[in-house]
Amino acid sequence: MRIKHIFYILVAVSLLFLAACSDDEEADAGGSEEALDNLNEEGMPIVDDPITIEVFSGQAASTAKDWNDVPVLNEYEDMSNIKMNWNQTAIDGLEEKRNLTLASNDLPDLFYGAYIPNSDLYKYGKQGVFIPLNDLIDEYAPNIKAYLDEYPEIKQGITFPDGNIYAVPRLRDPDSPTSLMDDKPWINQEILDEVGMDNPETTDEFYEYLKAAKELSVDGEDVIPFSSVSMDRLYHLISGAFGVSNKGILHQLIDEDPETGDMRFYPIADEYKQMLEYMNKLYTEGLIEENIYSIEVDQFLANGIEGKYAAMNFFNPIDYFGDEVGSRYVPGNALEGPNGDKLFTAVLSPVNSLGHFSITSENENPEATIRWIDHFWSDEGAKMFFMGLEGETYEETDDGPELLDEITDNPDGLTIQEALAKYIINPGGGHPVIDDPRYSTAPEFQPEDIENAEQNAPYLIEEPWPLFFYEDDEQDKLDAIGTDLGKYVNEMEAAFVTGEKDFSEWDDYVETIEGMGLDDYMEIQEKALERYLEN
C-alpha cells in the first residue's frame, strides 16, 4: 500500500511539473507582468511609458531612405508611445542578411517586410524563434481578427500545419478585382483604328490583329506586335484561353483538372501543348518581340515610350509610358480559346505574400507590438498608412480624402509616389497591411486599371490557391524534385515555342517529366492542398 501511495504522489508531482512547464512556455509567448501593466488594451497611446522595439526590415528602393525619421512614423510614435528602431536592409541584399540574422544569437524583436519564405516561417516557428500570433490576434488585434473572421479562407491561407499563425500577411483586397489581378492586357487603340479592327476577343482575332499590326510602322520604326518584360507575362494573358494555370499564378506547375476536379501537373496536359503550339505560331511569325527571353525592363520601357507596341501584358501604360503614349492604350480582353475557354488567370490569392511581420522570442512586448500593426488595419490607420498626414499630404473633402496639389502636381516634378515617399513608407516593400482601394495610391487603383479590371472581372478565376505549407521532409523533397521539374519545363517550353524542338518530340518530353519524380512531387502537393482545404 505504501508503494502505491508513493507512486501516486510521484505521478501528481510529475503532472504539476509538466503543467508548470506548460504555463512557462505559454508565458514565453507573451509579455511580462510589467509589460502588461504598461499596456492599454484599446485606444492611444498603446503603452503608458514609452518602449522601443528593435526591427529588422526590408527596404524597397522606392521608399524613404531612413524610416527612423519619416513624418507618418514620427506621428505614430507620438500617438502610440512605441518607438520602432528600424534597421533597414535593401531588398537586393535582403535574403543573405535575413538568413544570417535568423541563424545568429542576436535576434531583433520583430521582422518587418522581410519576405521570409513560408518554409522558414514554419521552421523557425517550430523552433520557438517566432512566436505564435493566434492568441495575440484574438486578444489584442481586433481589426485583424475581424478581417480573418470575415474571410475564413484568408485565415486558412496563413495558418501553418501545426495550427499556428507565425506572421501577419500582406493582403490584396479579396473584394477588389483590380487588387487581385497582376499584370493586365492592353491594346493600342490607334493601331486598332488604323487596321480597322475591333478589340480582339478570341485567340484567332488576336492573331489576326498582331499580323496586321506587324505591317505598320511608328515614326519610321517597325511596330512590335506583342511584348512585355518577360515571356511569363505573355502567358499570363494567353493561358486562360487554353484553360491552364486556372488556380492563379502563385503555382506555376499545378492547377485543377476541369474535368475531374483533381490537381494536375498542367505542363503535360493536352491543353498546354495547344497553348505552346499557338505561341510557337506567334513567335516564329515575328508577332512576339524577338528578344522576349532576354529583354531588359529598360529596353521594354524605351520601346513603350516610343509607342512601338500594338499589344502588351503589363501594368498601367500611362504610369510607365507617359500620358501622351500611354493614353493610346485601352483594356484588352480575356481571350476565348479554341476549346471555348475564356479565363483571366493572372490572379493572385489575397494572401499573396506572408512573411512580413513576425515577432521573435526576444520581444518583451508582443501584445504592444501586435497592437502597433493592428492600427494600420483600421480605417483611420489605413488612411494614415497610404495617404499620410491630414493637412500635409491630403485633405478631407465631401467625397472623401484627397491628396493635396503638392503631391499630385509636385512643383519639383516628382511623381505621386516620389512625393509621398517623403512622408510615408509605402509604396514598395512587403508591408503587412491590406491594399485598401479607398486610400491606396498604387497604380492598380488608377481609373484605367479599374476600367480594365471591371471589363475582365467576369472571367477572373475563382478561389486562386495561396502558397501551400509543407512539412520539413516534404520541403526537402520539393526543393530537389520541384527545382529540377521547373527548370526542365521552362527549358522545353522555350524550345518548343522558338522551334528549337519540334512538337513531334512531345511524347518524349512527357515521358522525361514522368521519370523525374513526378508522382512524388504530386503526392506532396496533393497533401498540402488537402491540409489547406481542411485547415
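Each reported figure results from applying straightforward, stated rules to the coordinates on display, with no laboratory input. Not measured: the values here are computed from a predicted model. With ideal geometry, Cβ positions are generated from the backbone for all residues, glycine too; neighbour counts draw on all protein chains shown.
Calculate the FRET efficiency for E296 and M516 from the Cβ-Cβ distance with a Förster distance of 41 Å, rounded to the nearest 0.05.
After rounding to 0.05, the efficiency reads 0.85.
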When DSSP beta bridges are limited to those with both residues in the chain, what percentage is antiparallel, rounded to the nearest 5? 55 percent
Once you keep just the Cα pairs under 8 angstrom separated by 6 or more residues, what percentage relative contact order results for the chain? 24 percent
How high is the FRET efficiency between E41 and D198 when r is their beta carbon distance and R₀ equals 60 Å, given to the nearest 0.05? 0.50
Taking semi-axes √(5λ) of the Cα gyration tensor in Å straight from the coordinates, which label in (1) 45, 33, 18; (2) 66, 21, 19; (3) 75, 30, 20 is the correct one? (1)
Are any of the pairs K214/K342; K97/K247; K247/K273; K383/K422; K214/K487; K83/K422 more than 28 Å apart by Cα-Cα distance, and if so, which? K97/K247; K214/K487
Tell me what the chain gives for mean residue ellipticity at 222 nm when only DSSP H runs of n ≥ 4 count, each as -39,500 (n - 2.57), the sum divided by the residue total, rounded to 500 deg cm²/dmol. -13000 deg cm²/dmol
Separation between Cα centres of the range 100-137 and the range 370-439, rounded to whole Å: 28 Å
May I ask you to list the residues of the range 117-133 whose amide nitrogen lies under 19 Å from a point 7 Å from Cα along the Cα→beta-carbon direction of E96? 117
With +1 at each Lys and Arg Cβ and -1 at each Asp and Glu Cβ, the charge dipole magnitude of the range 463-535 around its Cα centre, to the nearest 20 debye, comes out at 280 debye
Give the calculated FRET efficiency between E406 and D262 to the nearest 0.05, with a Förster radius of 41 Å applied to their Cβ-Cβ distance. 0.15
Tell me, what HN-Hα J-couplings in whole Hz come from the Karplus equation 6.51 cos²θ - 1.76 cosθ + 1.60 at θ = phi - 60° for each residue of the range 347-362, using x for Gly and Pro? 10, 9, 5, x, 8, 8, 7, 10, x, 10, 7, 10, 8, 8, 5, 7
Taking H placed 1.01 Å from N in the peptide plane, check which residues at least 5 places from L171 or on another chain put their amide H under 5 Å from its amide H. V433, I434, D435
Length gained, T52-E526, 0.36 nm per residue minus C-alpha separation, equals 166.2 nm
Using θ = phi - 60° and the Karplus form 6.51 cos²θ - 1.76 cosθ + 1.60, what ³J(HN,Hα) does each residue of the range 220-225 get, whole Hz, x for Gly and Pro? x, 9, 4, 5, 9, x
Applied in sequence order to the range 69-84, the curve 6.51 cos²θ - 1.76 cosθ + 1.60 (Karplus, θ = phi - 60°) yields integer Hz couplings, x standing for Gly and Pro, of 8, 10, x, 4, 6, 5, 5, 5, 4, 5, 5, 9, 6, 10, 9, 8
Separation of the E153 and D479 label points, Cα + 7 Å toward Cβ, nm: 3.2 nm
In whole Å, how far is the Cα centre of the range 491-535 from that of the range 250-296? 12 Å
